[in-house]
1. Quick one, what does Rg over Rh come out to for the chain if you take C-alpha atoms and the Kirkwood Rh?
2. Scanning the chain for trypsin sites (Lys or Arg not before Pro) in DSSP loops with at most 13 other Cβ atoms within 10 Å, what's the longest stretch left with none?
3. Rounded, prolate or oblate: which fits segment 284-336 when a ≥ b ≥ c are the square roots of the eigenvalues of the alpha-carbon gyration tensor, with rounded for a/c under 1.5 and prolate only if a/b beats b/c?
4. Can you list, largest first and rounded to whole Å, the semi-axes you get for segment 39-160 by taking the square root of 5 times each eigenvalue of its Cα gyration tensor?
5. Quick one: how many lysine pairs does segment 2-370 have with C-alpha atoms less than 14 Å apart and a gap of 8 or more or different chains? Give me the count, please.
6. Using unit Cβ charges (K, R positive; D, E negative) and no other charged atoms, how large, in debye to the nearest 20, is the dipole of segment 2-370 about its Cα centre?
7. What is the list of residues in segment 1-18 whose amide nitrogen lies under 14 Å from a point 7 angstrom out from the Cα of Ser176, following Cα to Cβ?
Amino acid sequence: MIKFSLLVLSSLGVMSGIAIVAALPLIAHHFGDVKHIEFLSKLLLTIPSVMVALFAPFAGMLIDKIGRLKPLFVGIVLFIVGGSSGYYLENFYYILIGRAVLGFSVALIMTASLALVGDYFSDKERHKFMSLQGMFVGLSGIVFILSGGFLAHLGWNYPFLIYLVPLLFLPLVFSSLKELPHEHKHNATDLELNVNLLPVYITGFFSMLLFYMLPTQLPYLVINELGGSPSLVSYFIAFSMLITATTSKQYHYLKARLSFAQIFMITYLSFAVGLFIISQVDYVYHLFFASFFMGVGFALVTVNINTWLLSLVHASKRGRAVGLLTSSFFFGQFFSPILFEPVVARFGIQGLFLIISIMLLFVVAGIYFKRTRAFT
């Protein structure tokens with residue numbers, strides 16, 4: 001039951017973003033009188049990200065000080081309240097506030113739950129669990145994105161009801177997870193994080209900056225430029241999540257044979273291929289070919305980064321280290337549409353994807369030549 005509870009908690013992070021992806025163009029249409037609504041509607045995905053980015057380091061310090069479970073339970077309650085608020089709120093800016101509450105809750109949940117993974121499992125067990133977690137997140141993502149696409153047909157605000165799902169699992173989480181007090185004792189020197197963790201945080205930021213192009217840019221490409229429907233957006237991302245789930249399950253086999261650097265090379269090369277395909281399609285269903293490569297890349301990147309971090313950090317400072325990694329992930333998500341908006345305005349969404357795909361080839365080459373220094 002402990003494993004299942006941790007798996008359920010891991011799915012809340014992906015739910016926080018993709019549950020409303022298919023509804024973004026509909027939300028933009030419904031609030032058409034709001035100035036710059038097409039850009040602002042993308043912030044519904046990224047406002048939670050910046051809240052996580054800002055508060056995750058503090059959440060990490062908090063869980064190292066008072067334990068994992070109290071912040072975790074508070075986070076779950078706030079997740080339900082903030083996430084579902086978009087269903088019954090009619091003011092766009094109030095909905096943004098609800099999304100901010102959602103982000104604060106995710107900071108607590110993701111930091112505490114990943115720290116618990118480090119507490120409960122040894123290195124080999126952790127590799128297997130992270131593989132299982134990646135698969136579960138992928139399968140959960142399929143359910144959430146398809147449900148969001150279906151509910152979007154009923155109305156722009158119906159996908160927000162998905163955030164009530166954690167109510168079903170609250171009793172299980174409360175009863176199965178136990179505090180391990182000896183794992184998070186700390187002192188002043190323990191809280192000084194090693195500079196060796198900086199490459200982990202930079203990689204986390206960079207990876208999410210790129211991977212979040214899929215939920216923030218693809219719906220507009222499919223609906224506005226390729227003539228697809230909201231449900232079709234859901235199918236593309238769901239197929240990508242299916243590939244994510246099946247690939248993630250193989251992570252511990254890959255890690256037994258390959259270094260962190262080699263896995264990152266596979267990750268970014270797969271993502272580059274997927275982006276290149278998207279940049280060239282003129283028929284909407286050809287995007288399924290890209291979804292395969294995107295799914296492979298996404299399957300490996302978060303699992304590899306999380307495992308990399310946990311292999312480097314001591315249990316006494318695990319909360320703070322995980323908090324900073326969570327922050328780097330979600331800062332990347334938040335800045336993704338902001339940094340890429342000028343490129344989209346000049347070259348279009350497909351032009352953006354072509355530019356990034358070429359850039360990633362240089363990144364892969366750089367990792368290859370520098371892998372003996374980094375990713376130890």
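1. Numbers: Rg = 19.5 Å, Rh = 20.6 Å.
Taking Rg over the Kirkwood Rh, I get 0.95.
2. Values: sites that count: Lys35, Lys178, Lys185, Arg373.
The reported range is 186-372.
3. On the way: a/c = 6.19, a/b = 2.17, b/c = 2.85.
Because a/c hits 1.5 or more and a/b fails to exceed b/c, segment 284-336 counts as oblate.
4. On the way: eigenvalues 161, 75, 24 Å².
Semi-axes (√(5λ), whole Å): 28, 19, 11.
5. Summing the qualifying lysine pairs gives 9.
6. On the way: 20 positive and 14 negative charges, 169 e Å.
Result for segment 2-370 is approximately 820 debye, rounded to the nearest 20.
7. 1-12
Bear in mind that the values in this text are calculations on the coordinates, not laboratory data. Source: prediction; values computed, not measured. Backbone-built Cβ (ideal geometry, glycine too); neighbour counts: all protein chains shown.
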